[in-house]
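Structure record follows, encoded as C-alpha cells.
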Amino acid sequence: MRLLNIHITQFRRFADLTILDIPPTAKLVVLAGPNGSGKSSLFDALLLRYRLDTRYGWSGDTKYYNRPEDTIRNINDRISVTTDANKRFAPGNVYIRTAYRNDHEFTTHALTRQGAILERLSLSRLIEPDATVSTNYQRLASQAMEDVFVNESAKTTIGDFREKLIGEVRSPLKRLFPDLSFVGIGNPLDQGSFHFDKGASKGFDYKNLSSGEKASFDLILDLVVKKRSYPNAIYCIDEPEAHMNARLQGALLGEIVGLLPSESQLWIASHSIGMMRKAREMYDVDPASVSFINFSGHDFDQVVTLTPSKPTRAFWEGVMHVALDDLTALVAPK
Ligand SMILES: Nc1ncnc2c1ncn2[C@@H]1O[C@H](COP(=O)(O)OP(=O)(O)OP(=O)(O)O)[C@@H](O)[C@H]1O
Ligand SMILES: [Mg+2]
C-alpha cells in the first residue's frame, strides 16, 4: 500500500495541513524539518486514522491528541487519506515505530504466545504498540515453535530451520557490522536471549552489544518479525537513527528499505545526515522511488499545502538551516 494524499485539520499542531501528490511509485518518503515542526504529529494522525478505520480502539486520550473538549466524533472527520488501494485502512495497513523504545537487557524464562500482532493495537497511546526487543524475542521464538509443529515441511532439518529463523536478521546485521554475528536465541525457557559472536568472544548476550549495535539489531529484528503481519503496509519509523554514526545511519536505511515488502512504503522522520544522504543517493538512482517532504519554515496555524520537494541544494539549506546551520555541505556538496 502507498499513501498518495493526506489532509489533517485541527489536530495537534496542524490547523489545516494537506500533503499532496506523493507518487504511487514512492517506496521511501522522508519527512525533514526541525524539532517541533510536526513530523511525529503526522505519524500520530496516521495511527489515529488507522485505529478509527479498523476499530482497533480509540484511546480517549484527547489531551494527547488535541484539545480537551474533543471527542471521537468530531476528531473522526479531521484526518483523511488517499491511498493507491482501498479508501479506508484495513488491518495490517499501517505500522508505526516511535522514537521511544529499547530494552537495554532482558532474559526470558517462559515462552508466552504473543497473540496476533494486529490484536495488540487497541492500547492507549502511540508509544504503546511499540516493539520492544523482548516482545520480538517472544514472537520470534513462539512463532518458531508453531512453525516447527504446524507449518514446516517434514523434510526441513533442524539446521535449515535454525538458519531460516535467524538468517533474515543475521545477513543485514552482518553487512552493517561485518565482525558481529547473530548466532542464536538460546533456550527461551531458561535465560533466553539473543546471542552473538565477535572475534574471540563467542555466544555473548544481547546486553553486551553496543548502543549502535543494539539499535540496529532491534530495528532489523522488528521489521523481520512484523513483515509477516504487515505484508502490504505503510511503515512509519520515527527517528530510526538513535545511537549511530552517519555512515551507519545511511547503511541502515539501505537495509531497512531492502527488507520492506515490495508493495509497502516506508516513511521516516529524521534529523540524520547519514539517512538524508542515503535517501538522496536513492533519489539520484531512481527519483520516482523517493519523496522528500519539508516541514521547515511553515506556520501550521495557517492553511498549509506540502508537496514533495526536489532535493536541490536550496532544499537542503532550508531543511538544515534551523537544526544544523552550516552542515548542508556534508549532504549536498557544491
Ligand atoms: N494540541 C497539540 N497537541 C500536541 N502538540 C501540539 C499541540 N499544539 C501544538 N503542539 C506542538 O506541536 C509540535 C509538534 O511536535 P512533533 O512531535 O510533531 O514535532 P517533530 O517534528 O516530531 O519534532 P522532533 O524532531 O523534535 O521529534 C510541538 O512543538 C508541540 O508542542
Ligand atoms: Mg518527533
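The values are calculated or read from the model by the stated rules, or taken from the named source; none is laboratory data. Keep in mind the model is a prediction, meaning the values are calculated, not measured. Cβ sites come from the backbone with ideal geometry, for glycine too, and all protein chains shown count toward neighbours. The protein model used for the area step is the full one, side chains on, heavy atoms only, and it has no ligands, DNA or RNA in it. Shrake-Rupley method; radii C 1.70, N 1.55, O 1.52, S 1.80 Å.
Scanning the range 282-334 for residues that are among the β-branched types (Val, Ile, Thr) and modelled with pLDDT of 85 or more gives VAL285, VAL290, ILE293, VAL303, VAL304, THR305, THR307, THR312.
Whenever a residue of the range 287-311 is open to solvent by 70 Å² or more (accessible area, probe 1.4 Å), its partners that are of a type in the set (S, T, N, Q) and at pLDDT below 95, lying with C-beta atoms within less than 9 angstrom and at least six residues away or across chains, give the pairs GLY297/SER37; HIS298/SER37. Selection of the range 223-276 for residues being surrounded by fewer than 20 Cβ atoms within 10 Å (Cβ to Cβ) and charged (D, E, K, R) yields LYS227, ARG228, GLU239, ARG247, GLU255, GLU263. Considering (1) touching a helix residue (DSSP H, G or I) at 6+ places or on another chain (Cβ under 9 Å); (2) farther than 19 Å from GLN249 by Cβ; (3) assigned to a strand (DSSP E or B), the lone condition that ASP197 does not fulfil carries the number (1).
All of (1) at pLDDT 90 or above; (2) of a type in the set (D, E, K, R); (3) surrounded by fewer than 17 Cβ atoms within 10 Å (Cβ to Cβ) hold for ARG170 with one exception: (3).
Among the residues of the range 230-271, those identified as charged (D, E, K, R) and within 16 Å of ligand 1 (Cβ to nearest atom) are ASP238, GLU239, GLU241.
Can you find a residue that is modelled with pLDDT of 65 or more, touching a helix residue (DSSP H, G or I) at 6+ places or on another chain (Cβ under 6 Å), within 16 Å of ligand 2 (Cβ to nearest atom) and farther than 24 Å from LEU219 by Cβ anywhere in the range 95-112? Scanning the range 95-112 turns up no residue that is modelled with pLDDT of 65 or more, touching a helix residue (DSSP H, G or I) at 6+ places or on another chain (Cβ under 6 Å), within 16 Å of ligand 2 (Cβ to nearest atom) and farther than 24 Å from LEU219 by Cβ.
The residues of the range 260-285 that are over 22 Å from the mean Cα position of the chain (by Cα) and not β-branched (Val, Ile, Thr) amount to a single one, ASP284.
Close Cβ contacts (under 9 Å, 6 or more residues apart or on different chains) running from residues in the range 7-36 that are at positive phi to residues that are more than 16 Å from ligand 2 (Cβ to nearest atom) and polar (S, T, N, Q) comprise GLN10/ASN66; GLN10/ASN74; ARG12/ASN66; ASP21/ASN5; ASP21/SER291; ASP21/THR307.
Test ASP16 against the stated conditions and say whether it is surrounded by fewer than 20 Cβ atoms within 10 Å (Cβ to Cβ), at pLDDT 90 or above and either more than 20 Å from the chain's Cα centre (by Cα) or within 15 Å of ligand 1 (Cβ to nearest atom) (or both). It is true that ASP16 is surrounded by fewer than 20 Cβ atoms within 10 Å (Cβ to Cβ), at pLDDT 90 or above and either more than 20 Å from the chain's Cα centre (by Cα) or within 15 Å of ligand 1 (Cβ to nearest atom) (or both).
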